[in-house]
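Since the structure comes first, as structure tokens, the remarks are kept for the end.
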Amino acid sequence: MRVVLFAALVISVVTCLPARTQEQDLTFPHINGDGEEVFGPGYLPQSAADQSQPLYMARPNAGVQIPDDLLLFSQEAFRPNPQDFSLPVDPSPRQMPAEVPLLRDIRRQFTPSQMPRLEPSRPNVPKINAATAAEMRVHYVFVGQGAGAIVELPCGVAVVDLGGEYGGGEGKVDGGALFVDYLKGFFDQHPQYHNTIDTLVLSHPHADHINGINALKASGVTIRALVDNGQSGNQASLGKQTDFRDWVRDHGGQYTAVELSRQFTATGVTSSAIDPFDCATISAFWGGANELLPKAGYENPNNHSVLLRIDFGQASFLFLGDLQDQGATDMLAQYEENLGAFDVDVFQVSHHGADGDTTDDLLDVLSPRIAVISMGTKESKAPSTAWDHGHPRLTTLKILQEDPVIVADRREPIGHFWGAPAQESDFEDLTIPRAIFGTGWEGTVIVSATEAGEYHVSELGFR
């Protein structure tokens, strides 16, 4: 039965792929007009293996807050049961509390009388004395055209994506090697972390986000846990993500897949792999959505990105991976009764500042103070560079600064940088008065934050 269903899905995906992609997918792996791997005939993701940890309700420091006694229920415990609206794993007949927010598609399986509307409310975060507040740092590492970040917490280290630029051509850099070299230098300077990544999150299987896998495997760094979007395969970037997952498990690491089909509540998900820390709170959202493959836009792995939110006292960070406009629209619809979960102060701009993927609707939910763009420099004109993709796009930089939706904090002093009007076009200069930072402009960017919600940005430059 499963074979028949998957075959039907393959046929559905093939017929629903945009015409442009079908025309350009002449060789494997399938490459779209932006030079990115996309799913298509012979290259479709399978779901994560059964060894993945169960997902539990997360508790981001914004939005609807759920009762303490429900935190230990896995997401599967909230699977709809319209007959009695109960928690199947609870031995006693008990009604699900009305204040628990559900994903839109889950909510629709109940009658309106069973599910009253919720009033989102921000929790009362204890005020912290700024003079004694602990500090964290996020290192947005320069990896050329790509992304890789190190989250330095008082109680451990998280890594989000592994960079970066790849391939050949004049002016090109090896982004994966750049990231791992920086990571090794970081551990040399911080021996208290014992050369160990407590959790590593891969947003999605694209080369510019996983290019450092082989260098990391050879680095001697210990990886205690891996989180990815659960998409599996044996070819191209899917194969690299799957093989790395197996390698981490073989070396004693935990694993959690963040897949949309395994999520039921709208507070995000967590596990001991997603959040192994006691000094911060990490929540994951969205992720692999193989069930949406027949829908336009989901042939691109970008729209299957894992979103990661980190709360550190009153400070908050969001990593969007390469989520594009279609995925962002659907995600906001699914989480419509708990959009406060995405209300953060600092965010990594989605898809390296691509055109159309940073929208007013998304920014309105984020209400950001600081934005960081991970992208390449303007020197290289080779394939898969900032010039080739046209990143960051001028339209994105403008929307980040224009009223009424803006990045709230200002740069001191005002910056003067560049952006792209289109793919493979000459870059144009632009004044940046807002707190928008780019690794292709300034090199590695470090955002420091205290538990009291105070921020400081510094640039290390290109190394």
Checklist entry - Under 29 Å from the Cα of K295, which lysines turn up, not counting those fewer than eight places away in the same chain? => result K240
Next on the checklist: Using the basic label-point model (7 angstrom from Cα toward the beta carbon), what is the E336 to R104 distance in nanometres?
Outcome noted: 0.5
Checklist entry - All other residues with a Cβ under 9 Å from the Cβ of A328 taken together, and with Lys, Arg as +1 and Asp, Glu as -1, what is their net charge? => result -4
Next on the checklist: Whole angstrom only: what separates the Cα centroid of region 256-285 from the Cα centroid of region 238-254?
Outcome noted: 19
Checklist entry - Given labels modelled 7 Å from the Cα in the Cβ direction, how far is it in nm from D278 to N234? => result 4.4
Item to check | Spin-label proximity, T196 to region 242-280 - amide N less than 19 Å from point 7 Å beyond Cα toward beta carbon | outcome: 248-256, 271-280
Item to check | Label point distance in nm, S458-E291, each placed 7 Å from Cα along Cα→Cβ | outcome: 4.7
Checklist entry - Roughly to the nearest percent, how much of the accessible area of the chain is carbon and sulfur, given a 1.4 Å probe? => result 50
Checklist entry - Residue by residue through region 236-248, which ³J(HN,Hα) values in whole Hz follow from phi under the Karplus form 6.51 cos²θ - 1.76 cosθ + 1.60 (θ = phi - 60°), with glycine and proline marked x? => result 6, 5, 4, x, 5, 5, 5, 4, 5, 4, 5, 5, 4
Checklist outcome for this item: Around G453 (Cβ within 11 Å, Cβ-to-Cβ, excluding G453; K/R +1, D/E -1) the net charge comes to -2
Checklist entry - Which of rounded, prolate, oblate describes region 212-313, given a ≥ b ≥ c as roots of the alpha-carbon gyration tensor eigenvalues and a/c under 1.5 marking rounded, otherwise prolate only if a/b is larger than b/c? => result oblate
Checklist entry - Counting Lys +1, Arg +1, Asp -1, Glu -1, what net charge surrounds Q423 among other residues with beta carbon under 10 Å of its beta carbon? => result -3
Checklist outcome for this item: To the nearest Å², the heavy-atom accessible area per residue of the chain with 1.4 Å probe amounts to 39
Checklist outcome for this item: Straight-line reach check, K378, cutoff 17 Å on alpha carbons, 8 or more apart in-chain or any other chain, hits among lysines -> K172
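The values are calculated or read from the model by the stated rules, or taken from the named source; none is laboratory data. Since we're looking at a predicted model, the values are computed, not measured. As a convention, Cβ positions derive from the backbone with ideal geometry for all residues, glycine included, and neighbour counts pool all protein chains shown. Heavy atoms of the whole protein, side chains included, go into the accessibility calculation; ligands, DNA and RNA do not. Shrake-Rupley method; radii C 1.70, N 1.55, O 1.52, S 1.80 Å.
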